[in-house]
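The values are calculated or read from the model by the stated rules, or taken from the named source; none is laboratory data. Not measured: the values here are computed from a predicted model. Here the Cβ positions follow ideal geometry from the backbone for every residue, glycine too, while neighbour counts run over all protein chains shown. When the accessible area is computed, the model is the full protein with side chains, heavy atoms only, and any ligands, DNA or RNA have been set aside. Shrake-Rupley method; radii C 1.70, N 1.55, O 1.52, S 1.80 Å.
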Amino acid sequence: MCRMSTNQNEPFSVREEIPLELHTWWHDLRGNSRKVVTKELGGLIGLLKVKPRKDVIEALIPFWDPTHNVFHFADFELNPTLEEIVGYAGFEGNIRSQYPIAPRIVTSHKFLDLLSISRDIRYGNLAKGFCTFYFLYRRYGNRRGFETPDTGLTHVGNQDKWEARRGLACIVTFLGVLVCPRKDGNIEMGIVGIDDFMLKKANGTIVPLILAKIYRALTLCQEGAKFFKGCNMLLQIWMEEHLCHRPGYLNCGITSLECIEKHEKRIEDYELPDGTEAWHTHSRSLTANKIEWTFGWLKVNKVIYMSVEVCLLLLMGLRSIQHYAPHRVLRQLGRYQTIPHDEDLS
């Protein structure tokens, strides 16, 4: 299936600008705060070093098949999988035994309480379900934020208590900017509930939510939306890497927290298309023997490909539940590919 949007008035866009202050915030983290962020985000921090490419995402959208939640090319299908996202993030443990973290209802008071900000603070955007990047940066991104006056911090002047909340605020901001982006650049208030649960649930995983956001963003853009509301940089590097075909290549190395950072090194010998039209033309010419089916660095011992009764799973995103049908792309995970059931999942 290959459909192009008919709405040509508004240009397509993705998250292209990463605030310099977010880089500074990450590099300023020390001690326990840094450990907390690394534990919960893993190698996703490497997205800060990825140069976003709108052309890759825009060219991919016409090939997205929302009835099966899969990319459909000339003679094959391809799709981001849970295992591949886990590999990029360098998360440890078997995702099959982990608890998928789902959205949490967060009131404005709960949002402020979790971030140790006084309920007396006057900030109208919270009633609309979001805050700005600088609302959080002014309080926790700035290395002297614990001393900044008029912030409403309940622990103002107490650096130890401030540091204890700085990691949570950084995770909220990172996910709000890069993983669950809004077109206006603001941050969904509900993300703090997800992050608070991540910190409390030792065996939780955010990977299904990330993948569900990507799927929903692709479907919305297929329907005419002009902003990609998922993690465009993860989708971008995933596609670039599948295009770098190495005949006979087999590595089966072990992924690490530097997997995303090393992406450019892995594709440096390959000339990729430049521009939306070039990407679209190249994608139309792709056949099953021209792509890299499995990532050599991704060792997959066990695959999640079905629930108890049916060959699909449900992934819960921030605002939707998405069907996940990995049995259509088992070849990506080094398994024998059968002919999938032709079920409409829309």
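Table: residues versus (1) farther than 18 Å from Arg182 by Cβ; (2) in contact with a Cys (Cβ under 9 Å, 6 or more places away or on another chain); (3) in a loop (DSSP other than H, G, I, E, B).
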{"position": "Ala102", "(1), (2), (3)": "yes, no, yes"}
{"position": "Leu126", "(1), (2), (3)": "no, no, no"}
{"position": "Arg139", "(1), (2), (3)": "yes, no, no"}
{"position": "Gly157", "(1), (2), (3)": "yes, no, yes"}
{"position": "Asp160", "(1), (2), (3)": "yes, no, no"}
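If a residue must be among the β-branched types (Val, Ile, Thr) and either part of a loop (DSSP other than H, G, I, E, B) or modelled with pLDDT under 90 (or both), how many such residues does segment 252-291 contain?
Of all residues in segment 252-291, those among the β-branched types (Val, Ile, Thr) come to 254-255, 260, 267, 276, 281, 287, 291.
Applying the additional criterion that residues be either part of a loop (DSSP other than H, G, I, E, B) or modelled with pLDDT under 90 (or both) yields 254-255, 260, 287, 291.
Matching residues across segment 252-291 total 5.
Can you give me the number of residues within segment 296-316 that are at pLDDT 90 or above and in a loop (DSSP other than H, G, I, E, B)?
Selection size over segment 296-316: 0.
So which residues in segment 317-334 are in a loop (DSSP other than H, G, I, E, B) and surrounded by fewer than 21 Cβ atoms within 10 Å (Cβ to Cβ), if there are any at all?
Pass one, segment 317-334, residues in a loop (DSSP other than H, G, I, E, B): 317-320, 325, 334.
Scanning segment 317-334 gives Leu318, Arg319, Ser320, Gly334.
Taking the criterion of being closer than 18 Å to Gly141 by Cα and open to solvent by less than 20 Å² (accessible area, probe 1.4 Å), would at least one residue in segment 52-63 satisfy it?
Filtering segment 52-63 for residues closer than 18 Å to Gly141 by Cα gives none.
Scanning segment 52-63 turns up no residue that is closer than 18 Å to Gly141 by Cα and open to solvent by less than 20 Å² (accessible area, probe 1.4 Å).
Ile101 - would you say it is in contact (Cβ under 8 Å) with a residue 24 or more places away in the chain and open to solvent by less than 10 Å² (accessible area, probe 1.4 Å)? Even if it seems obvious, please write down each step before you answer.
On the way: in contact (Cβ under 8 Å) with a residue 24 or more places away in the chain: yes; open to solvent by less than 10 Å² (accessible area, probe 1.4 Å): yes.
Criteria met by Ile101.
Among (1) assigned to a helix (DSSP H, G or I); (2) open to solvent by less than 10 Å² (accessible area, probe 1.4 Å); (3) not hydroxyl-bearing (Ser, Thr, Tyr), where does Pro181 come up short?
(1)
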